[in-house]
Amino acid sequence: MKPGMTKTPGALAASALTAMLALTAPAGAQVLDLDGKTVTLVHNASPGGATGLSAQVLADAWAQTMAGNPTMVVQSVAGGALTKGIDHVMEARPDGLTLGYLAWQGTTRILDPEILQIPFEEFGTIAGIGGSNFLVHARTDLGGGLEGRDEFASLESVKVGGYSPKMTQGMQTLAALDLLGVDWSYVSGMFGDGPLYAALQRGEIEAYPATTAQYMNELEAGPIADGTSMAVWQMGPILEDGTMKKDPALEGIPTVGEYIEAATGAAPEGPMWDVVMYHAEASAPVNWIVVAPPGTPEEHLAMLRESFDAAVADAAYLEQATKVYGSPPNIVNAEEMSGIIADVQNTPEEIKDAMRGLIDRMER
C-alpha cells in the first residue's frame, strides 16, 4: 500500500498547543520535537476497508492540531490475525514518529494462550474510537419465508457468517440465538461487509452482523427494500443508564435485548446474556484503540491526548468520520480507555469459559 499523506497548514494551532503544554508540563519536561518530521499512523488491517479509511480521516484532522505541525501518513501493517500491526507499534521507538490506530478486539484476545497475550496496558494510551452499531442481517427465504423479523426467532436453525470465531459481534449474535433457542452453525473467513453480503447472496450463509454503514449505503435501499433480506436486531454499547445504545440510522430496529424479551416474554439473563453484555460494555464502545509505543514520555502523551481531543471535536472531522462509519464516531478518552483495558484484563473466568464454549462450537 502507498500510505496516504496529509500535509497541513495548522502551524498556528499547533504552536499554541505547544506553548500551553510547556506551561503545564513539569519543570524540565519537553514535548518531543515533531517540527518538520513525518509521523506514521499504523493500522493493522488490510488497505481500503473501514479501518484504513477511518485512520486516514483521523490523520487528516490530527496533523492540524498536533504540536510541531508534522506531516502524517497512514500505513497498513496487516496479517497475523491483526497482531502484526500491534507488534509493529509495540516495538517502535518511543520517539513520537510512530503511533497506532489498532483494531481492538481485546475482549477476545484475552482467550489467547498466555504467550500470545498482548499487554495493551504497556502502550501509551491516547484514546479509543468506536464506529456505528451492528445489526443482524438475514435472508427472508429462511424457514419457508419470513414475513416479519419476529418470525426469525421461530427458526429451527440458521447459518451465520463472520470474520473469525473471535469476532465479538459474531459471538454476541450466536449467544443471542442460544437465548432464543435457535440452533446455529458458523462460517468464518469473510473479512468485511462485502464478502459477507456476497456469501449471503450465494446462499453460503443465511445471516451475519452487518455494519450500519453497509445498511445505509447498500442494504436499506437494496435487498431490504425489495424484501429479499431483513434487519433483525441491532447491537451497540451500553449507556450510563444501563440500556443499549440505539443507532439513529437504525430507527425502528430493536436492540438485541428488546428482541429477545419480545420473542420469549422475559428479559434475557444467564451466561449467554452475560457474554452479550460483556462485549457491549468492553468492545462495542471501541473498535479501534489509539496508542503510542511503550516508553513514550508522559509529557508527549499529554500533547497527543490533547491534540487528539481537539482533532476529533472538529466539525470537519466529525462530518468525514460519520461518512465512513455511517453514524457519528464514539470517542473514548484516555482515562476511559485505560479503564476498559483494566476491566478486560480482569474478566471473570465464567465469562471466559462461556466464550470458549461458543468458540469450540463455532469451530466444529
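No value in this document is a laboratory result; all are computed from the given coordinates. This structure is a prediction, so every number in the text was calculated from the model and none was measured. For neighbour counting, all protein chains shown are included, and Cβ atoms are generated from backbone atoms with ideal geometry for every residue, glycine included.
Annotations
- Sum of -39500 (n - 2.57) over DSSP H runs of 4+, divided by residues of the chain (222 nm, nearest 500): -11500 deg cm²/dmol
- Dimensions of region 134-282 along the principal axes, based on C-alpha atoms and rounded to the nearest Å, stand at 38, 30, 29, largest first.
- Percent of beta bridges antiparallel (DSSP, region 134-282, rounded to nearest 5): 60 percent
- With kT/(6 pi eta Rh) evaluated at 37 °C and eta = 0.692 mPa s, and Rh the Kirkwood radius from Cα pairs, region 233-278 diffuses with a coefficient of 295 µm²/s according to Stokes-Einstein.
- For region 97-112 versus region 288-317, the gap between their alpha-carbon centres in whole angstrom: 17 Å
- Cross-link pairs beyond the 28 Å C-alpha cut-off, checked among K84/K352; K245/K323; K159/K246; K246/K323; K37/K323; K84/K159: K37/K323; K84/K159
- Packing rank of 301-314, 123-136, where each peptide gets the mean count of other beta carbons within 10 Å, highest leading: 123-136, 301-314
- Taken over the C-alpha atoms, the chain has Rg and Dmax values of 21.2, 73 angstrom.
- Once the chain from K84 to D241 is taken as fully extended at 0.36 nm per residue, the excess over their C-alpha distance is 52.8 nm.
- Neighbour counts of other Cβ atoms within 10 Å put D35, D241 in the fewest-to-most order D241, D35.
- Cβ-derived FRET efficiency at R0 35 Å, S185 paired with E218, nearest 0.05: 0.90
- Ranked by the mean number of other Cβ atoms within 10 Å per residue, highest first, peptides 316-323, 61-68, 103-110 order as 61-68, 103-110, 316-323.
- Protection proxy ranking for 283-291, 201-209, using the average of other Cβ atoms within 10 Å per residue and placing the highest first: 283-291, 201-209.
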